[in-house]
1. Take the residues of the range B:182-202 that are of a type in the set (Gly, Ala, Ser) and farther than 27 Å from B:Ile438 by Cβ: which is least open to solvent (accessible area, probe 1.4 Å)?
2. Which condition number in (1) away from ligand 1 (no atom under 16 Å from the Cβ); (2) touching a residue at least 60 places away in the same chain (Cβ under 8 Å); (3) assigned by TED's automatic domain parsing to the domain that holds B:Ser386 is the one that B:Arg252 fails?
3. Which condition number does B:Asp76 fail, the rest of (1) open to solvent by 10 Å² or more (accessible area, probe 1.4 Å); (2) out of contact with any strand residue (DSSP E or B) (no Cβ under 7 Å at 6 or more places or on another chain); (3) within 14 Å of chain A (Cβ to nearest Cβ) being met?
4. Take the residues in the range A:183-197 that are within 7 Å of chain B (Cβ to nearest Cβ) and within 16 Å of B:Lys80 (Cα to Cα), then tell me which one is surrounded by the most Cβ atoms within 10 Å (Cβ to Cβ).
5. Take B:Lys231 and tell me if it is within 16 Å of ligand 1 (Cβ to nearest atom), basic (Lys, Arg) and open to solvent by 10 Å² or more (accessible area, probe 1.4 Å).
6. With the structure loaded, tell me whether B:Leu195 is in a helix (DSSP H, G or I) and more than 11 Å from ligand 2 (Cβ to nearest atom) or whether it fails that test.
7. Mind listing whichever residues of the range B:203-248 are touching a residue at least 40 places away in the same chain (Cβ under 8 Å), within 16 Å of ligand 2 (Cβ to nearest atom) and touching a Ser or Thr at 6+ places or on another chain (Cβ under 6 Å)?
8. Identify, by number, the condition in (1) assigned to a helix (DSSP H, G or I); (2) within 14 Å of another protein chain (Cβ to nearest Cβ) that A:Arg138 doesn't meet.
Amino acid sequence: MTGPLMERRVGEVVQSTSTSFVAQCYQLEGAPALGGLVRTDSPDIYGVVGSVTTEPLDSARPVLARGEDAGSEEEVIRDNPQLARLLTSRFEVFIAGYVEDGVTHQYLPPRPPLVHSFVYACDQEETARFTSQLDLLRLLLNSGASHSDEIVGACIRQAAPSHDQPADFLAHACRALAVELSADVARLNSILRRVAP
Amino acid sequence: MTQSHEGNGAGRGRTPPEQGQPLGMVIEGSVANGVEVRLDPGVSVEQVKVGTFVTLHGANNRFFGVVTDVSLGSTDPRMKYTPIPADDPFVIQALQGTVAFGTVSVLPQLTMPEVLGDDQGPAAAKSIPSHFSRAFTASQEDVETVFGSEADGNFWIGNPLDMETKLCLDLGELVKRSIGVFGKSGTGKTFLTRLLLAGIVQSGQASSLIFDMHSEYGWQGQDADKGGMVKGLKQLFGAKVSTFTLDEEHSRRRGVSTDETVHLGFNHIEPEDVELLRASLNLSEVAASAAYNLREKYGEESWLKEFLDAGRNGSLLELADELQVNAGALRALYNRMGRFTRHGFMVEHSRVDTAAQIIEHLERGQHVVLEFGRYGDDEAAYILVSNLLTRRIHRKYVEAKESAMGGAGKEPRPLVIVIEEAHKFLNSGVASQTIFGIIARELRKYNVTLMVIDQRPSGIDSEVLSQVGTRFCCLLDNERDIDAVLSGTSGSRALRSVLSRLEAKQQALMFGHALPLPVVVRIRDYGPAFYESIQGGGDSEAERKRKVDELFGG
Ligand SMILES: Nc1ncnc2c1ncn2[C@@H]1O[C@H](COP(=O)(O)OP(=O)(O)O)[C@@H](O)[C@H]1O
Ligand SMILES: [Mg+2]
């Protein structure tokens with residue numbers, strides 16, 4: 001495993017279903033951005049970050065406010081070094097497809113990723129390659145998340161800069177979206193507004 | 001429909017037909033109503049016009065059709081109520097062609113031969129292309145396949161809408177049935193007619209006899225828009241065309257020489273003619289029918305002359321008594337006929353028989369233009385002269401045709417008789433009596449057909465109108481006229497909307513017998529370029545002799 005890949009290893013699957021999985025971050029606040037593309041190994045299952053949570057490890061011990069007398073936020077962390085170990089960041093990923101024997105499939109894999117699979121954030125090249133197809137938009141639109149429109153919009157925005165011609169990608173993605181949402185112009189319109197440059 | 005596809009394609013070494021611009025694909029339809037084509041995302045509805053020719057590439061057939069409607073569609077019926085940022089090109093680009101799209105209605109009219117150069121021509125479409133068939137604008141080649149090309153001896157009449165392609169007519173087919181040229185005043189009827197006649201003269205497909213009401217076809221015609229004159233048939237074709245005039249003085253004044261001057265004898269007028277003139281001479285039924293009594297008394301040859309003599313001698317009352325007709329009616333007949341026979345072209349007894357003269361010219365393979373000069377505005381004169389001459393000429397054709405059928409002599413060459421203001425003598429009141437009504441109804445049984453020019457087609461007897469095989473229709477705005485022109489044609493609803501959208505001049509909807517499908521044509525300019533294209537096209541001596549022999553069996 002090469003250095004850069006190590007660097008992109010952001011967490012580990014801790015909970016998994018056919019349509020989504022939850023990964024715990026190795027670093028507090030170390031989750032990829034909303035809408036970012038991530039991958040697990042063997043097989044390579046791809047997904048889009050749908051939500052990020054940071055919360056106490058022990059749900060019976062809620063986090064208390066501590067900075068009343070502190071001069072800055074940094075001071076709060078410095079004065080309470082134990083805090084980082086009481087908290088954890090997790091992110092939920094909606095599965096967007098998988099690659100098997102070099103072939104990309106943008107539909108759900110036969111089995112969800114194994115718990116403890118490593119999760120990597122995709123780099124530009126990998127993002128561009130996977131998002132050259134856009135069937136994943138349909139999976140995201142139907143993810144069932146209450147904010148699926150936000151996820152779709154974020155995904156398109158995140159993916160655009162990784163393409164050679166971001167404007168062309170945007171136009172292409174929006175047309176694909178329009179085909180998916182041809183029966184619901186109001187929803188389409190609201191997503192387009194989130195994506196418009 | 002059984003069509004074999006073996007042997008299609010590269011094997012035969014023929015080029016597959018060239019395609020026009022891609023438009024979209026078929027998404028629904030029926031034979032009765034035509035198909036809907038959903039436009040491709042890149043094609044704007046504004047690019048496609050009603051009347052445009054389209055080819056549809058079905059799985060087994062290529063169809064040729066016409067755009068009858070263009071509409072805007074949406075996949076989401078609620079779109080029209082959804083606020084859309086119309087000024088945001090990003091959003092509009094995403095919606096256009098996906099959620100919001102254009103459709104065109106296409107009426108498939110013909111199935112095309114699979115490969116150009118196939119012997120089979122296009123055939124009437126009895127089916128429609130299947131779902132998702134691709135639609136293209138028709139290419140130049142497609143239009144030529146359907147309408148024929150100049151190279152194959154067809155007559156270039158103009159261009160289809162928005163196309164540079166030459167639209168051609170098969171004049172041989174055209175003259176087989178009666179022809180109608182309709183349109184409001186000033187829409188280009190006379191120019192179109194002159195163009196068609198020039199084509200007919202040049203092609204030699206038929207002889208023509210033109211009752212030239214306003215003296216526009218013979219030597220020269222007026223160009224109202226540009227001012228000045230355009231060439232008439234005589235100038236273009238010289239000896240192929242003979243001009244007759246009813247009004248020598250008028251011709252002389254215009255510095256136009258004519259070949260013959262027409263004189264009609266009283267002896268040529270028949271009581272049937274008087275009947276026809278009732279409306280124009282304002283005669284009662286009783287007065288008109290008195291002519292029959294007079295013929296009975298004085299005989300076929302001299303009834304009119306004797307009657308007018310009797311009137312001049314003051315013996316009308318006795319005559320009325322003797323014939324047992326109303327004296328007032330007889331006096332009215334005397335007054336009107338007296339006034340009418342004072343026209344310069346009327347003589348008591350004409351030594352020359354104009355009808356025979358015209359027939360003689362037609363026999364020589366010439367075309368005859370009869371100019372009315374100042375009498376063109378005299379309705380009665382126009383009706384009388386054209387009926388009287390046509391009746392005699394028709395009789396001659398009937399004889400020639402019948403002897404040809406009996407095996408003696410050849411068929412007479414087709415004759416096209418051109419009349420203006422046709423509704424005046426083809427209205428329901430008189431159509432059954434006039435020779436023109438008879439000619440229209442007997443179709444081309446005797447090789448004589450009509451070309452009627454009219455601005456008020458609703459005035460023409462509907463039965464006569466239904467016999468007009470090929471119709472050229474310039475702009476009309478009267479509803480009844482439009483109904484009349486479209487009566488008896490299929491798809492008249494679609495044609496109606498096409499008709500009402502014609503330009504005010506030099507555009508016509510052509511449909512009927514000589515055309516595979518209705519088409520809007522921008523009529524070719526009648527002017528120097530046209531003269532150029534037909535001059536030098538004169539017949540050789542041998543060709544002329546052949547035609548003379550052909551006519552009346554030589
Ligand atoms: N094919 C044509 N070529 C040139 N000019 C035309 C043509 N058709 C119509 N025009 C113009 O329109 C005017 C009116 O046409 P005309 O044939 O006299 O109309 P109508 O006989 O229907 O009253 C002509 O004087 C001429 O200027
Ligand atoms: Mg005219």
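1. Per the stated criteria, the residue is B:Ala198.
2. Going through (1) away from ligand 1 (no atom under 16 Å from the Cβ); (2) touching a residue at least 60 places away in the same chain (Cβ under 8 Å); (3) assigned by TED's automatic domain parsing to the domain that holds B:Ser386 one by one, B:Arg252 breaks only (2).
3. Unmet condition: (1).
4. A:Leu188
5. For B:Lys231, the condition - within 16 Å of ligand 1 (Cβ to nearest atom), basic (Lys, Arg) and open to solvent by 10 Å² or more (accessible area, probe 1.4 Å) - is met.
6. So B:Leu195 passes the test.
7. B:Phe211, B:Gly218
8. Condition not satisfied by A:Arg138: (2).
The values are calculated or read from the model by the stated rules, or taken from the named source; none is laboratory data. On a predicted model such as this, the values are computed, not experimentally measured, just so you know. Every residue, glycine as well, gets a Cβ built from its backbone with ideal geometry; the counts of neighbours run over all protein chains shown. Surface accessibility is based on the protein's heavy atoms, side chains included, excluding ligands, DNA and RNA. Shrake-Rupley method; radii C 1.70, N 1.55, O 1.52, S 1.80 Å.
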